[in-house]
1. Among all residue pairs at least 6 apart or on different chains, which show Cβ distances below 7 Å where the first residue, located in the stretch 151-166, is closer than 16 Å to THR199 by Cα and in contact (Cβ under 8 Å) with a residue 12 or more places away in the chain and the second is assigned to a helix (DSSP H, G or I) and small (Gly, Ala, Ser)?
2. With more than 23 Å from PRO191 (Cα to Cα), crowded, with 19+ Cβ neighbours inside 10 Å, modelled with pLDDT of 90 or more and over 16 Å from the mean Cα position of the chain (by Cα) as the only criterion, which of LEU53, LEU46 stands out?
3. If the requirement is being free of Cβ contacts under 8 Å to residues at least 12 places away in the same chain and either farther than 18 Å from GLY144 by Cβ or assigned to a helix (DSSP H, G or I) (or both), which of these qualifies: ARG37, ARG43, ARG64, ARG68?
4. Just to be sure I understand, how many residues within the stretch 13-26 are loosely packed, with under 14 Cβ neighbours inside 10 Å and modelled with pLDDT under 85?
5. Can you tell me which residues in the stretch 27-43 are of a type outside the set (Lys, Arg), at pLDDT 90 or above and within 18 Å of PHE222 (Cβ to Cβ)?
6. Could you please let me know if ALA226 is surrounded by 13 or more Cβ atoms within 10 Å (Cβ to Cβ), within 24 Å of THR26 (Cβ to Cβ) and at pLDDT below 90?
7. Has the stretch 172-183 got any residue that is modelled with pLDDT under 85 and closer than 30 Å to ALA45 by Cα?
8. Of all residues in the stretch 193-235, which are small (Gly, Ala, Ser), part of a helix (DSSP H, G or I) and more than 17 Å from the chain's Cα centre (by Cα)?
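The values are calculated or read from the model by the stated rules, or taken from the named source; none is laboratory data. Nothing here was measured: the structure is a model prediction, and the numbers come from that model. Virtual Cβ from ideal backbone geometry, glycine too; neighbours counted across all protein chains shown.
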Amino acid sequence: MISDQRGARVQGMFDRIARHYRLMNTLMTAGQDRRWRRHLVDRAALPRNGRLLDLATGTGDIAREALRARPDLRVTGADFSTGMMQAGRRMSDAASMHWVSADAMHLPFADNCFDAVASGYLVRNVIDIPQTLYEQMRVLRPGGRLVILESSPPPPSLLRPFIELHLRLVIPLMGRVIAGPAGASAYRYLPRTTQAFHTPQELTGLMQAAGLLEVSWRRFMFGTMAVHEGVKPSP
């Protein structure tokens with residue numbers, strides 16, 4: 001299922017930090033991560049009794065946010081890290097969603113079967129972004145929305161040196177304190193991928209190249225996080 005050695009390393013990394021992942025997200029973002037998930041769910045614009053795919057669901061946080069806002073939804077969470085999903089399935093409300101082990105580049109779902117596809121921190125970790133977007137487009141119904149929560153390189157500003165210091169030093173230290181040596185390694189990798197990732201403008205270009213319409217984004221947390229959205233064309 002995993003396409004190369006890098007994919008296997010990323011999978012193993014997430015498995016190792018699964019138990020501490022939610023706590024680290026809260027600490028790294030000063031509790032702002034839930035606000036971003038709420039915005040993402042709102043931008044998904046799901047219909048009544050709609051079907052949502054939460055891709056790279058991890059411990060299921062986007063899926064849970066969607067169900068808190070709309071208990072009528074049918075939500076599927078998919079991830080290639082079984083360790084992350086096992087951590088999520090131990091939570092008391094895990095039965096409210098459907099959990100599936102899946103590779104984001106080869107989704108085990110039929111064409112046109114979801115009203116929205118959401119992901120959090122997926123695209124910077126895949127080896128082929130166009131293929132990943134193609135698969136999300138394939139399973140998304142015409143007129144449905146694709147929404148992405150992703151980190152962004154810090155934009156030029158007076159705060160940028162302090163943001164980069166936080167990414168390079170503070171987050172790995174937090175990872176070591178919370179999750180031990182595995183956490184230190186993982187939380188060196190994750191900030192590094194943030195700094196090396198596409199800008200929102202560049203990711204917009206990739207989404208448009210995949211065929212999405214009405215592509216836009218909104219930045220958060222001094223420009224280091226963004227929610228991107230686009231619509232699958234109708235025939």
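1. Every condition considered, the pairs that remain are SER152/GLY223; PRO154/GLY223; PRO155/GLY223.
2. One residue alone meets the criteria, LEU46.
3. The unique qualifying residue is ARG68.
4. Residues meeting the conditions: 0.
5. GLN32, ASP33, TRP36, HIS39
6. The answer is no for ALA226.
7. Checking the stretch 172-183: not a single residue is modelled with pLDDT under 85 and closer than 30 Å to ALA45 by Cα.
8. GLY205, ALA209
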